[in-house]
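Trainee: Once you've had a glance at the structure underneath, I'll fire off some questions.
The values are calculated or read from the model by the stated rules, or taken from the named source; none is laboratory data. All of these numbers come straight from a predicted model, not from anything done at the bench. Note that each Cβ is placed from the backbone with ideal geometry, even for glycine, and that neighbours are counted across all protein chains shown.
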Amino acid sequence: MSTQIIIAKDEEALSAKAAQVFLESHAQAVKERGRFTVALSGGDSPKKFFRRLAEPYYRDRVSWAQVYAFWGDERCVPPDHPESNYKMAHDLLLSKVPIPQKNILRIPAEMEPPHDAAKAYENTLKLFFNLDRPLPVFDFNLLGVGEDGHTASLFPGTTALKEKLHWVSANFVEKLKAHRITLTFPVINNSRRVVFLCTGAAKAPILKEVLKKDGPVSYPAQLVNPVKGELLWLLDGPAASKLPPAVHNEAVHV
Ligand code: 6PG
């Protein structure tokens, strides 16, 4: 696994860098395998990045017919709900680019009970990545980090953190009093490239802890360690503002 930290001066520069990395990953995947499989994250952090990708400069450099959009996690709400990660990506990006509808494979998180939703998505992944493969391989797995150190919907103290067999889990999150549907660490860590996208000063304290060299593993985001793939942290200045000098000096600044 190779890890790189890139620090952009602000959120605008960060979204441009993220879009450039997306283009590079897309070009390599399409050249090598004829398709580009992407697991998208939710929340606020990806919004500028999604809007950027929908701009003509980036949109017209992607062969969207070869892009397959999945999600790393989803809230247990219908796809038209304001909290839906699918809705956010659809509204800001997928509705603005020529990606075929069949290439959009959302998590059916509105299914009840949540375990059925997880099972259904796992079956979708098994069919897409063909059944005999031990684990799916996402070319580009986009993740965020919560202020509590969660990533995807792998929250501290939840059962899905320990899931080693299933690809998708219905994870009950006590503090949310709700289930979330999430990819599990075996799948995330089997990605060719995992990209954490973190913006804003509010993330500075948790990033200081998560990116601490040789520190204790106390947060779910620290358990993202691609087995063979690349791990890329894309941060803006405010989010990186509490990183120690050693980490700042090693980072690439754009
Ligand atoms: C979600 C996300 C989640 C997110 C973090 C950070 O469903 O909310 O997938 O893991 O990446 O909570 O969220 P913000 O980007 O809103 O800070």
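Trainee: Restricting to the range 123-144, name every residue that is part of a helix (DSSP H, G or I) and without any contact (Cβ under 8 Å) to a residue 12 or more places away in the chain. Full working, then the answer.
Mentor: Step one: filter the range 123-144 for residues part of a helix (DSSP H, G or I), giving 123-128.
N123, L127 - these are the residues of the range 123-144 that are part of a helix (DSSP H, G or I) and without any contact (Cβ under 8 Å) to a residue 12 or more places away in the chain.
Trainee: Could you list, ordered by first residue, the pairs with Cβ atoms under 6 Å in which the first is in the range 1-21 and touching a residue at least 24 places away in the same chain (Cβ under 8 Å) and of a type in the set (K, R) and the second is surrounded by fewer than 20 Cβ atoms within 10 Å (Cβ to Cβ) and in a loop (DSSP other than H, G, I, E, B), at least 6 apart or interchain?
Mentor: From the range 1-21, the pairs are K9/G237; K17/V254.
Trainee: Could you pull out the residue among N123, N190, N130 that is at pLDDT below 95, more than 26 Å from E11 (Cβ to Cβ), away from the ligand (no atom under 15 Å from the Cβ) and surrounded by fewer than 24 Cβ atoms within 10 Å (Cβ to Cβ)?
Mentor: That would be N130, the only listed residue that is at pLDDT below 95, more than 26 Å from E11 (Cβ to Cβ), away from the ligand (no atom under 15 Å from the Cβ) and surrounded by fewer than 24 Cβ atoms within 10 Å (Cβ to Cβ).
Trainee: Then there's this: Starting from residues that are surrounded by fewer than 22 Cβ atoms within 10 Å (Cβ to Cβ) and of a type in the set (G, A, S), keep the ones in the range 30-68 and report whichever is farthest from the ligand (Cβ to nearest atom).
Mentor: G34
Trainee: Filter the range 185-214 for residues that are more than 17 Å from T37 (Cα to Cα) and in a loop (DSSP other than H, G, I, E, B); which is nearest to the chain's Cα centre (by Cα)?
Mentor: Across the range 185-214, the extreme among qualifying residues is T199.
Trainee: Mind telling me which of the residues V137, V224 ends up being surrounded by 14 or more Cβ atoms within 10 Å (Cβ to Cβ) and within 15 Å of the ligand (Cβ to nearest atom)?
Mentor: Values: V137 fails: within 15 Å of the ligand (Cβ to nearest atom).
That would be V224, the only listed residue that is surrounded by 14 or more Cβ atoms within 10 Å (Cβ to Cβ) and within 15 Å of the ligand (Cβ to nearest atom).
Trainee: Still on this structure, I have one more. Identify the residue in the range 147-161 that is within 19 Å of A117 (Cα to Cα) and either of a type in the set (A, V, I, L, M, F, W, C) or more than 14 Å from the ligand (Cβ to nearest atom) (or both) and, among all such residues, is nearest to the chain's Cα centre (by Cα).
Mentor: Filtering the range 147-161 for residues within 19 Å of A117 (Cα to Cα) gives 152-155, 158-161.
Imposing the further condition that a residue be either of a type in the set (A, V, I, L, M, F, W, C) or more than 14 Å from the ligand (Cβ to nearest atom) (or both) reduces the set to 152, 154-155, 159-161.
On the way: A152: 7, L154: 12, F155: 14, T159: 20, A160: 16, L161: 16 Å.
The residue in question is A152.
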